[in-house]
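The values are calculated or read from the model by the stated rules, or taken from the named source; none is laboratory data. Source: prediction; values computed, not measured. No Cβ is skipped: glycine too gets one built from the backbone with ideal geometry, and neighbour counts run over all protein chains shown.
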Amino acid sequence: ETAVFQTPNYHVTQVGNEVSFNCKQTLGHDTMYWYKQDSKKLLKIMFSYNNKQLIVNETVPRRFSPQSSDKAHLNLRIKSVEPEDSAVYLCASSYGQGGAEQFFGPGTRLTVL
Amino acid sequence: GDSVTQTEGLVTLTEGLPVMLNCTYQTIYSNPFLFWYVQHLNESPRLLLKSFTDNKRTEHQGFHATLHKSSSSFHLQKSSAQLSDSALYYCAPHSGYNKLTFGKGTVLLVSP
């Protein structure tokens, strides 16, 4: 099956803990993205990578760090989570940038207690 | 950076009536791509349609939109709403900043 896969589906943790989310795409795309969708459904880009190179790094807290091992994988680590980090984190991929269609994964819902 | 203004909040329609969701954008880039993404309940966003060409109508799955650069608009329309059209709709320009800037989204709720 060709798609964008994310793990875990859900994660509940305490303030101050570290979490990691994984994303893999089997679509043969060269660009991957992390988005945050908050409780009001606001959808904002956090990072994007093209062929393992960081090309977009939005103004996000430094506790967020993306990790790309190859162009099919893009992980997200959050050191010391805070309550405002509770959201759905969506991974997406595309072939090229610009006008390319982005394909989204199912998302990881993070709840910080 | 880019910005997007969409029809605020919730739009409720009766099945069979026409759909019009507004989108205006601001970008310093002279040739942006414009996108509409749709997100159904408990699903992820997916592309509905996109355009790059000024004044050309783009259609997909019964929806259509025309990019008007003179007014920086890309309104989404459909002649007859269906129950299955109930979803969250995002308008998003893609400019030279290598990223999509999503609007706040418009929830369309179609009732029988």
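Here are the numbers for this structure:
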item: Single residue of segment A:49-74 satisfying the filter (buried (at least 19 other Cβ atoms within 10 Å of the Cβ) and in contact with a Pro (Cβ under 9 Å, 6 or more places away or on another chain)) that is modelled with the highest pLDDT; result: A:Leu74
item: Residue in segment A:58-80 that is nearest to the chain's Cα centre (by Cα), counting only those that are within 14 Å of chain B (Cβ to nearest Cβ) and farther than 20 Å from A:Glu18 by Cβ; result: A:Glu58
item: Qualifying positions in segment A:31-70 - part of a loop (DSSP other than H, G, I, E, B), farther than 27 Å from B:Gln6 by Cβ and in contact with a strand residue (DSSP E or B) (Cβ under 7 Å, 6 or more places away or on another chain); result: A:Lys52, A:Arg63
item: Considering residues of segment B:79-107 that are over 26 Å from B:Thr27 (Cα atoms) and either free of Cβ contacts under 8 Å to residues at least 60 places away in the same chain or not hydroxyl-bearing (Ser, Thr, Tyr) (or both) only, the residue nearest to the other protein chains (Cβ to nearest Cβ); result: B:Ala87
item: Flag for A:Asn22 being more than 11 Å from chain B (Cβ to nearest Cβ), among the polar types (S, T, N, Q) and either crowded, with 21+ Cβ neighbours inside 10 Å or touching a residue at least 12 places away in the same chain (Cβ under 8 Å) (or both); result: yes
item: Any hit, segment A:7-22, residues being under 25 Å from A:Thr111 (Cα atoms), of a type in the set (A, V, I, L, M, F, W, C) and at pLDDT below 95; result: no
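For (1) under 23 Å from A:Gly98 (Cα atoms); (2) touching a strand residue (DSSP E or B) at 6+ places or on another chain (Cβ under 7 Å); (3) aliphatic (A, V, I, L, M); (4) in a strand (DSSP E or B), each residue gets a yes or a no:
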| position | (1), (2), (3), (4) |
| --- | --- |
| B:Gly16 | no, no, no, no |
| B:Ile28 | yes, no, yes, no |
| B:Phe35 | yes, yes, no, yes |
| B:Leu48 | yes, yes, yes, yes |
| B:Ala65 | yes, yes, yes, yes |
| B:Leu108 | no, yes, yes, yes |
